[in-house]
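> I am attaching a structure below and will ask some questions about it afterwards.
The values are calculated or read from the model by the stated rules, or taken from the named source; none is laboratory data. Since we're looking at a predicted model, the values are computed, not measured. In this analysis, Cβ positions are derived from the backbone assuming ideal geometry, glycine residues included, and neighbour counts consider all displayed protein chains.
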Amino acid sequence: MKKVFLFLILICLGFGFWYYQNSTPVTSQSTINQFVVNQGDGIISIAKRLEANKLIKNQYVFLVNAYRLGLNTKLQAGSFKIDSSNNLEQIITTLSKSGSQDYWLKIIDGQRLEEITPKFDQSNEGYLFPDSYLIPSNYSPDQIFEVITQNFQKKFAQASQNATNTKLTDAEIITLASLIEREGRTLETKQKIAGVLMNRLDIGMALQIDATVQYARDSMKSKQIKDYWAPVSKSDLKIVSPYNTYLNPGLPPSPICSPGYNSIYAAFHPIASDYLYYITDNDGLIHFATTLDQHNQNIAKFLH
């Protein structure tokens, strides 16, 4: 019994020493470090990044302390200045308070430039990568664009790895991805749509994408943001515009929205098939067809 008791004491002493060692500041020298907590970051992710950035010694001791202090659910999103000489309790307390007056810019997949901000030139359409960006309050439009551009370039490079579609330029890939973004939901569906659109491009067949007509129509006059992307009418299909892919074969001159990662990936990695047609039914499901007869059958079956 005494041996068991002694063993438990040694374990407690060992844990206490480990806990104490990992609760102390990383260094006694005071240096200020910028640390960003993104919206949606969980406490485990925050703890891992703090350790990776050498702002704490041990992520698990951080978690124990956060729960002990009752602040585990109160960590805030924002930009924080953390002193490397602070102990864990001070760091956790800092992260539980509001960060700096920086603000979040959220770009949603499929938005056109005017829905995001009026500050950027129209030539940037399609290149504002959908994500949440923590923007310092003193940043100029050029600096904001640089932050977004760096993220775009990183994600574009990732999506292009092992690409199977080598027929298009990078600019054409983004244009194709912007069409896919407005047409499909899941990654697999987007890849199938990419395959259909590439088949049409290969034989010079008009793409006939409603979203390009919406873009052409909505660009012709000033609109409220809520009015973008309304369903097209038969008269809309006759709009004379290089973006009208019912009247003009090939890709439109430039992107029509900001495509997300999956759409860019799909443009680089289309699923090969013999399909030339597809429709989206009232439940959002997509039905593919090889021939016009099959396509018309799908229309009769799923849209009436």
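> Find all pairs meeting these conditions: Cβ atoms under 8 angstrom apart; at least six residues apart or on different chains; first residue within segment 282-304 and under 20 Å from Ala194 (Cα atoms); second residue acidic (Asp, Glu) and part of a loop (DSSP other than H, G, I, E, B).
His287/Asp281; Thr290/Asp274
> Scanning for something over 17 Å from the mean Cα position of the chain (by Cα), among the aliphatic types (A, V, I, L, M) and at pLDDT 95 or above, does segment 144-165 turn up at least one residue? It would help to see each step written out before you state the result.
Let us first name the residues in segment 144-165 that are over 17 Å from the mean Cα position of the chain (by Cα), namely 161-165.
Those left that are additionally among the aliphatic types (A, V, I, L, M): 163.
Keeping just the survivors that are at pLDDT 95 or above gives 163.
Yes, that holds for at least one residue.
> Quick check, is Thr280 modelled with pLDDT of 95 or more and among the polar types (S, T, N, Q)? Explain how you work it out, then say what you get.
Values: modelled with pLDDT of 95 or more: no; among the polar types (S, T, N, Q): yes.
No; evaluated as a whole, the condition is false for this residue.
> In addition: Taking segment 191-244, which residues are on the phi > 0 side of the Ramachandran plot and either assigned by TED's automatic domain parsing to the domain that holds Glu125 or not polar (S, T, N, Q) (or both)?
Our first condition is that a residue be on the phi > 0 side of the Ramachandran plot; within segment 191-244, this holds for 204, 208, 229.
Passing the criteria: Gly204, Trp229.
> If only one of Asp293, Asp281 is acidic (Asp, Glu) and either touching a helix residue (DSSP H, G or I) at 6+ places or on another chain (Cβ under 6 Å) or surrounded by 18 or more Cβ atoms within 10 Å (Cβ to Cβ) (or both), which one is it? Working first, answer last.
On the way: Asp293 fails: either touching a helix residue (DSSP H, G or I) at 6+ places or on another chain (Cβ under 6 Å) or surrounded by 18 or more Cβ atoms within 10 Å (Cβ to Cβ) (or both).
On inspection, the qualifying residue turns out to be Asp281.
> Go through (1) polar (S, T, N, Q); (2) under 19 Å from Leu207 (Cβ atoms); (3) assigned to a loop (DSSP other than H, G, I, E, B) one by one and return the number of the condition Asn282 breaks.
Only one criterion is unmet by Asn282, namely (2).
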